Every structure is written in structure tokens, then in C-alpha cells.
Amino acid sequence: MIAKAEGKFLRLSPPKVRQVLDLIRGKDALLAVAILLNINKRPKEHLIKILRSVIANAKVKGFNAEQLYISKAVCNPGPSWKRFKAAAFGRAQPILKRTSHIRIELDLKSGE
């Protein structure tokens, strides 16, 4: 692991974030940014922000962005916001507004 960045308590559902993470896992860092810019999914804004942050972290350590690839990208569930909506016969139906913790790690490409 060369550099890492995390986004915590993001108001996104973890399964929906994992769909987008599967597209970029294992790709070059700059290619992953290009992929995210061209898809139409809601998590892309948060993922672009985290990915640019981890690339900047690697640059501070003296690495070039062309040498890096995404070695690890995970999305874990965060705490859920609990809400209720009215249901029939005076009951309440629970609503879980889910949050995500996203972690992206970069590493050097093999052979460099």
C-alpha cells in the first residue's frame, strides 16, 4: 500500500457503491478517474473525490500517478438512520437510510 483515503458516513447505500467499485477495482488510478467521469451512477461523485484525494496523498509521498493502480477498494456499511412512516391500521413501518464507509488504497504497478 502506497497511499490510502477514506470517505466515512456517506449517505449512500453500500450495495449501490459496490456496483461502481467493481468497475474500477484493479485499474490504473488515472483510468479509474476517467471511468468514473463517464458513468451515470450517484456514487461516482463521492468516489471521484476519494480517488483524487488518494492520488494527491501518493503525490505528496513522491510517487507519480501513472505508476499507481487501485490495489484495494472496499465499501463497508456505516450506521443507518432510523425513520418511520405511517402504515395501515395505525402501525409504523421502519425505514433504514443507510450510510457507507469507503476505503481506497493505491499501490505501485508490478515491474516498476
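Contact map, the range 33-46: first residue more than 21 Å from Y69 (Cβ to Cβ), second residue β-branched (V, I, T) and buried (at least 18 other Cβ atoms within 10 Å of the Cβ), Cβ cut-off under 8 Å, separation 6 or more or different chains; pairs are K41/V20.
Screening the candidates E66, E45 for the property of being in a helix (DSSP H, G or I) and at pLDDT below 95 yields one hit, E66.
Within the range 56-83, which residues are among the hydroxyl-bearing types (S, T, Y) and either crowded, with 16+ Cβ neighbours inside 10 Å or over 20 Å from the mean Cα position of the chain (by Cα) (or both)?
Residues satisfying the conditions are Y69, S71.
Among the residues of the range 22-37, are any in contact with a His (Cβ under 7 Å, 6 or more places away or on another chain), closer than 30 Å to I95 by Cα, among the aliphatic types (A, V, I, L, M) and surrounded by 17 or more Cβ atoms within 10 Å (Cβ to Cβ)?
No, the range 22-37 contains no residue that is in contact with a His (Cβ under 7 Å, 6 or more places away or on another chain), closer than 30 Å to I95 by Cα, among the aliphatic types (A, V, I, L, M) and surrounded by 17 or more Cβ atoms within 10 Å (Cβ to Cβ).
Residue selection: K8 satisfies the criterion of being within 14 Å of the chain's Cα centre (by Cα), within 29 Å of K109 (Cα to Cα), charged (D, E, K, R) and surrounded by fewer than 12 Cβ atoms within 10 Å (Cβ to Cβ).
The values are calculated or read from the model by the stated rules, or taken from the named source; none is laboratory data. What you see is a predicted model, and the numbers here were worked out from it, not measured in a lab. Don't worry about glycine lacking a Cβ; one is built from the backbone with ideal geometry, like all the others, and counts go over all protein chains shown.
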